[in-house]
Amino acid sequence: ETSLRMLVRASRLGSRYVLVLAEDHTEQHRLEEVRRDFVANISHELKTPIGAVGLLAEALESAADDPEQVRYFAASLQRESLRLGRLTQDIIELSRLQSADPLDDPEIVDVRQVIRSAVERDRVEAEARGIEIVTRGGKHATVVGDADLLSVAVHNLVANAVHYSPDGSRIGIGATVTDAGVVEIAVTDQGDGIAEVDRERIFERFYRVDPARSRRTGGTGLGLAIVKHIVQNHGGDIRLWSQLGSGSTFTIRLPEASQATVPARGEHIV
Ligand code: ADP
């Protein structure tokens, strides 16, 4: 509201200089708000597993004579500590992405290689649930950037596809290059699908359609926010097609290596 008032005043003054300042102020204000929300969310997200660890430790102590209960509480403790570890790792990854430019030291990245290494990380969990991961489209494509980060982005999409799909279903992943020189990496699942109201919001940090389900699969609520940051830092974007009940397709779009212009430091970072 303050920024809006400033803009109105600036346009009355008719000064372009003041107008630019007002816009900067709006952007700065928004970034500050985003950061404040993020810190508040982190505290909230950390409180749950930390609280659980404390309670489970107490329960473990008082169940010392019952081996079955001891095993149960110990397993829960282990699960919560793993969750805390993953959450910390994701928070660190996201802050790193917000303050550093992965294109500082860019390399030519083979997209097929990225897909191969990403899928490798999800294979064990998928196989355990009878989910088949089908890689298609063998076309050679290259982009400019950081192979490890791109592999994290694709892996996060495939991991979600596994988490939000029924046992025995199929996940497709492939890359194509459009005539306009855009490399499209698409991950398609036959899972729950995502309702229209949630489609924009799932890229926000800590937003989940079903928090209990996300927690059960060990989710941190940061996976897609990380994907979005990595893709934007590479000068690309991410699109989502989905229908409730019939599945989703997430498509990462990146400029082909020959078309890529490396974004200026911090340009895409929110
Ligand atoms: P999480 O750790 O909860 O999976 P993400 O940021 O990766 O966090 O995803 C945010 C939310 O988006 C998930 O909690 C889930 O509700 C929804 N979601 C993500 N990917 C899919 C998918 N392939 N199918 C259905 N829902 C999905």
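Data table
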| item | result |
| --- | --- |
| Quotient of C-alpha Rg and 2.2 N^0.38 Å, computed over the chain | 1.18 |
| Likely footprinting exposure, Asp122, Asp198, fewest C-beta neighbours within 10 Å first | Asp198, Asp122 |
| Viscosity 1.567 mPa s, 4 °C: Kirkwood-radius Stokes-Einstein D of the stretch 16-141 over Cα pairs, µm²/s | 65 µm²/s |
| Helix 67-99 axis, angle to the chain major axis (alpha carbon atoms, nearest 10°) | 10 degrees |
| Cα point-scatterer Debye curve for the stretch 77-204, base-10 log of I(q)/I(0) at q = 0.13, 0.21 Å⁻¹ | -0.66, -1.39 |
| Listed residues Glu61, Glu132, Glu184, most fluctuating in the chain (Gaussian network, C-alpha, under 10 Å) | Glu61 |
| Sorted peptide list for 225-234, 64-73, 47-56, criterion being average Cβ within 10 angstrom, highest first | 225-234, 47-56, 64-73 |
| Rounded tilt (10° steps) of 223-233 against the dominant C-alpha axis of the chain | 30 degrees |
| Rg(Cα)/(2.2 N^0.38 Å) for the stretch 139-270, N = residue count | 1.06 |
| Computed helical MRE - 222 nm, the chain, DSSP H runs ≥ 4 contributing -39500 (n - 2.57), nearest 500 | -18500 deg cm²/dmol |
| Crossing angle, helix 16-62 versus the chain [Cα axis fit, 0-90 degrees, rounded to tens] | 10 degrees |
| Relative contact order [Cα under 8 Å, 6+ residues apart], the stretch 131-229, whole percent | 28 percent |
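Rule-based calculations on the coordinates, nothing more; no lab input. Predicted model only: the values in this text are computed from it and were never measured. Neighbour counts run over all protein chains shown; Cβ positions are idealised from the backbone, glycine included.
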